[in-house]
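The values are calculated or read from the model by the stated rules, or taken from the named source; none is laboratory data. On a predicted model such as this, the values are computed, not experimentally measured, just so you know. When we count neighbours, we look across all protein chains shown, and the Cβ atoms used for this are built from the backbone with ideal geometry, even at glycine. SASA here: full protein model, heavy atoms, side chains in, ligands and nucleic acids out. Shrake-Rupley method; radii C 1.70, N 1.55, O 1.52, S 1.80 Å.
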Amino acid sequence: MPSDLFSLKMRASCGGRHISGAEKILPESGVPAHLHSLLERAMHHANGEPDFVNFKLERLSADSILHLDALPVRSLTADSPESGLELMRGMLESLGVARAPEIVGLLRKTHGMRGAVLLDADTLERLEPDLERGVRATMMDAAESDSGTHCSPCKNHYAEAMVLAAKVANAPGLVAELCISDDPDYVTGYIASKTLGYVRIAPLKKAGSPFGGRIFLYRGKREDTVRTIEFLEQQPVLVHGIPPKPQDGGRIDTPVQISNPQKRIRIALQSLHELKLHRTEEVFESPASAHVTLHGHDTLMFASNDYLDLANDPRVKEAALDAVKQFGTGTGGSRLTTGTQTIHKELERALAEFKSTEDALTFATGFAANSGVISALCSRSDVIFSDELNHASIIDGCRLSGARIVVYRHNDMYDLERKIASNTPCSGLVVSDAVFSMDGDIVNLPEFLGIARRYQLFSMVDEAHATGVVGPGGYGILSLFPGLNLRPDILMGTLSKAIGSEGGFVCASREMTDYLRNKARSYIFSTAPAPASAAAALASLRIIRTEPERVARLQSNVAFFLEQLHRLGIPVQTGSAIIPIIVGDSARALAAADSMRDDDIFVSAIRYPSVPEGSARLRLTVMASHTESDLVRCAESLSEALAKTR
């Protein structure tokens, strides 16, 4: 009868922070030597000196141990960590994982977890019961481990990773494992699966970096994850036949065919369809307004950002036509070469006056404004503090800057200040939407600006959905706080929503706009906005200023619509003209939108990646030109659609 073995586990920490961990499966005779070896390893780890070391010794029945063969192994060497991660992405896609770039991006964010993230390979939903702890694969060792008295305290990264990879590859439902070591001295990571084998990739991070992480990719029924976790955490495993560590090779600049490029596209599209995330354009046959023509039907529009219905105003259209006659259809150059015309400067003066700033600068789009401004203001030596629900253009601007990005909880000023304080001293930017585009709520501006001022950081507020919508006269976020003495360093906005044209703008001091004029690449290297767009925006601004009743009517419509929704048992609130009806499931959001389409009412079903997974919604927007009967009709159709799809 085979002799029982023992599981010996070591965990070392300092102040609750994980330092090191290891385990062995060995006969009783090997326990004393390995206790000493693992203690030496715990006390002299690159992650720091522990103040607590825990050992656990557990008897295992020899019959309970599962014997597995090691995975085949190969090594690939990349030119940089970025190239190594790109290689990892390609291998994931060859396994039919459509969202490989997002998964590899998440890998870098799992640092500090004691275990691994258990991630749905298709929806990217985290499946661990304890999101802080993660899933910890334990009860495993190499069958050939030295069980005698001569034990090295040095960690054998390669052998321990091969053991883990073999166990994970054989766990029910797991597609692949991705790993970057958190050891500052070890830059090699790997991707492993039954199909790929164990593929070592170096480097996946810079030498000296303590950041690492691990993801187990799962594909199967949610209820079956219990079996997967039990296997990883409780099934004793010995891995046989671990080959010698291979020489690094297969540089990324040699032909390494991961998958057919066209096949990758087909897989990605198929996944989008299966997850109800595929999108197509709707083609309208009439101007943007409260009523539009769609597929030959008169349709009530509750999805437009043209809140004041100015895009189809005769005076705005006439201004655009006049500009075409005077300036032509295009500018023929960028703003700093031949693209600036008198209409552009006139619009910028009007915007600065509207926002009570010294100067303004216009961009081709709102997206270009955000991406250009943030990347011009910040660089690698800076830190950007960004709300977790900020618009994609803000997120991309932060990424383009190269600055370190710290995301704070949505509109949580305590969390913002706590995170700034933990990074002080630093230079950089605090940035937030004024009105959040998918939730309709409003930034806590007084505290936001106060925190930025206290820590001497630039402040920037995106007023895309605030200008022409919130505050008396639609003057924007600052008009909601008339006694506030602080102002954002940069007020960004768009001309394509309530202003009814297209383009983006920045209002700030003359010094700031002069800096951005010379540093914002999306301003410098883009053709100037069309004269017709600038003239239309200028006409709209004049209407907003001279007809405050238009904004008042919009705000009255929002209040009336909320009353109708509350009457029908739909408890929603908003601080703007955006009404979010969160349903959770993407399929339900699509079905509810389709139901309302049958009533000739158009609303948008918003799904991932526009909103986080599990928070799909109907996003309704109110316009100044909606009648009370329009609002009642929409509210009743919405109530029926939600009931049908429940």
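A few comments on the model shown:
- Of everything in segment 396-417 that is open to solvent by 60 Å² or more (accessible area, probe 1.4 Å) and assigned to a helix (DSSP H, G or I), the residue that is farthest from residue 371 (Cα to Cα) is 414.
- Enumeration of residues in segment 374-391 that are of a type outside the set (Asp, Glu) and either free of Cβ contacts under 8 Å to residues at least 24 places away in the same chain or not in a helix (DSSP H, G or I) (or both): 378, 379, 380, 381, 383, 384, 385, 386, 389, 390, 391
- The residues of segment 357-378 that are over 23 Å from residue 316 (Cα atoms), over 20 Å from the mean Cα position of the chain (by Cα) and of a type in the set (Ser, Thr, Tyr) amount to a single one, 357.
- Summed over segment 453-490, the residues that are acidic (Asp, Glu) and part of a loop (DSSP other than H, G, I, E, B) give a count of 2.
- Residue 21 modelled with pLDDT under 85, under 27 Å from residue 188 (Cα atoms) and of a type outside the set (S, T, N, Q): yes
- Listed here are the strands (runs of 3 or more DSSP E) enclosed by segment 33-125 that have at least 1 residues being open to solvent by 20 Å² or more (accessible area, probe 1.4 Å) and either farther than 30 Å from residue 586 by Cα or at pLDDT below 85 (or both): 52-60, 66-69, 73-77.
- Some residue of segment 11-28 being more than 30 Å from residue 220 (Cα to Cα), in contact with a Lys or Arg (Cβ under 7 Å, 6 or more places away or on another chain) and open to solvent by 30 Å² or more (accessible area, probe 1.4 Å): yes
- Just so you know, in segment 288-311 the residues that are over 17 Å from residue 621 (Cα atoms) and open to solvent by less than 70 Å² (accessible area, probe 1.4 Å) include one that is farthest from the chain's Cα centre (by Cα), and it is 296.
- Being surrounded by fewer than 18 Cβ atoms within 10 Å (Cβ to Cβ), touching a residue at least 40 places away in the same chain (Cβ under 8 Å) and among the acidic types (Asp, Glu) is a property that residue 224 has.
- Scanning segment 327-364 for residues that are buried (at least 18 other Cβ atoms within 10 Å of the Cβ), of a type in the set (Ser, Thr, Tyr) and either modelled with pLDDT under 95 or part of a loop (DSSP other than H, G, I, E, B) (or both) yields 331, 357.
- Test: residue in segment 484-492 that is farther than 20 Å from residue 305 by Cα, over 25 Å from the mean Cα position of the chain (by Cα) and hydrophobic (A, V, I, L, M, F, W, C): yes
- Taking first residues from segment 4-24 that are farther than 17 Å from residue 40 by Cβ and touching a residue at least 40 places away in the same chain (Cβ under 8 Å) and partners that are in a strand (DSSP E or B) and among the β-branched types (Val, Ile, Thr), the Cβ contacts under 6 Å between residues at least 6 apart in sequence or on separate chains come to 5/25; 7/25.
- Among the conditions (1) in contact with a Pro (Cβ under 7 Å, 6 or more places away or on another chain); (2) touching a residue at least 60 places away in the same chain (Cβ under 8 Å); (3) not acidic (Asp, Glu), residue 72 misses just one, which is (1).
- Hits in segment 425-440 - residues which are out of contact with any Leu (no Cβ under 9 Å at 6 or more places or on another chain) and either open to solvent by 40 Å² or more (accessible area, probe 1.4 Å) or in a helix (DSSP H, G or I) (or both): 425
- Selection count, segment 292-313, where residues are of a type outside the set (S, T, N, Q) and either without any contact (Cβ under 8 Å) to a residue 24 or more places away in the chain or not in a strand (DSSP E or B) (or both): 11
- Residue match in segment 534-548 (condition: free of Cβ contacts under 8 Å to residues at least 24 places away in the same chain and out of contact with any strand residue (DSSP E or B) (no Cβ under 7 Å at 6 or more places or on another chain)): yes
- Restricting segment 126-159 to residues that are open to solvent by 80 Å² or more (accessible area, probe 1.4 Å) and hydrophobic (A, V, I, L, M, F, W, C), the residue that is modelled with the highest pLDDT: 131
- Failed criterion for residue 188 (all others in (1) open to solvent by 10 Å² or more (accessible area, probe 1.4 Å); (2) farther than 24 Å from residue 244 by Cα; (3) of a type outside the set (A, V, I, L, M) hold): (2)
- Residue list for segment 313-337, filter: under 29 Å from residue 521 (Cβ atoms) and of a type outside the set (A, V, I, L, M, F, W, C): 328, 329, 330, 331, 332, 333, 334, 335, 337
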